[in-house]
Amino acid sequence: MNTIISLIAISLGLFAQDTPQTIAKKDLPAKAECVVCNAGGETHGEEKPVAGVMYKGKAYYFCNAKEVETFKKNPDFYMPLNLPMPLPDLKLTDTSGKKWDAAAFKGKVVLLDYWATWCKPCLVLKPKIDKIWEANKGQGFEMLSVSIDEKPADFENFFKKTKWENPVALDSSQSWAHFRILTIPTLVLVKDGKVIQIFKGNIDPKKVETAVKSALK
């Protein structure tokens, strides 16, 4: 799983937490899905869990013992978001100087593409979602690429030699934390100021296109 370990560390403390309680090994089910893998978009179905915890009245299971401590540091970060939800204040400004505030999203369908210059899967996905943008941008559809690069110099050097047609912003405000992003690429679909769908992990461009066209109706 392509986990952004450094970003998770930054996010610690963003959410109020109860204390997860360890489930005894004898009480573990024969099969369960891993909460950490699911949150990162690496769903691999049910399997024999190696550990589990109770948190806020619900059981969560893990396929790897190391994931337990990661989860315990910030369990709410692994909980699925309740969609649709209001779009948080992202505090993003693209390279042209445009502020992506509430007014920028009003009455539009916008695809937020969270990526990084060092992320090969992101760069492989980009031409595929570019086709979706090109086909629908005349119908009130926009796309903003949001780079999570930690070093502004890496971001700036990348664009000295790379052509990028749609608006792009450096995520200096760590807006990714609002969406509990653990892996990239992650795509966030917004309609008229509300987050309606999130794609992560092994993203299927056809499903993204279907969601975009449905949102535009």
(request) Select from the range 28-37 the residues that are surrounded by fewer than 20 Cβ atoms within 10 Å (Cβ to Cβ) and in contact (Cβ under 8 Å) with a residue 24 or more places away in the chain and list them in ascending order. (result) L28, P29, A32, E33
(request) Just give me the residues in the range 41-61 being part of a loop (DSSP other than H, G, I, E, B), of a type in the set (G, A, S) and more than 19 Å from T183 (Cβ to Cβ), in sequence order. (result) G57
(request) Quick one: which residue in K160, K206, K191 is open to solvent by 70 Å² or more (accessible area, probe 1.4 Å) and within 23 Å of K91 (Cα to Cα)? (result) K191
(request) State whether the residues of the range 178-196 include one that is in a helix (DSSP H, G or I) and either closer than 19 Å to P121 by Cβ or hydrophobic (A, V, I, L, M, F, W, C) (or both). (result) yes
(request) Examine the range 45-55 for a residue that is surrounded by fewer than 17 Cβ atoms within 10 Å (Cβ to Cβ), modelled with pLDDT under 90 and small (G, A, S), and state whether such a residue exists. (result) yes
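Does at least one position in the range 81-88 carry a residue that is closer than 30 Å to T22 by Cβ and open to solvent by 10 Å² or more (accessible area, probe 1.4 Å)?
The answer is yes; a qualifying residue exists.
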(message) For the range 64-80, check the following and say yes or no: at least one residue is more than 28 Å from L189 (Cβ to Cβ) and part of a loop (DSSP other than H, G, I, E, B).
(response) yes
(message) So in the range 99-151, with the set limited to residues that are within 17 Å of E165 (Cβ to Cβ) and among the basic types (K, R), which one is surrounded by the most Cβ atoms within 10 Å (Cβ to Cβ)?
(response) K126
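The values are calculated or read from the model by the stated rules, or taken from the named source; none is laboratory data. Being a predicted model, the structure only gives us computed values, none of them experimental. Glycine also receives a Cβ, built like all others from the backbone with ideal geometry; neighbour counts cover every protein chain displayed. In case anyone asks, the SASA skips ligands and DNA or RNA and just uses the protein heavy atoms, side chains included. Shrake-Rupley method; radii C 1.70, N 1.55, O 1.52, S 1.80 Å.
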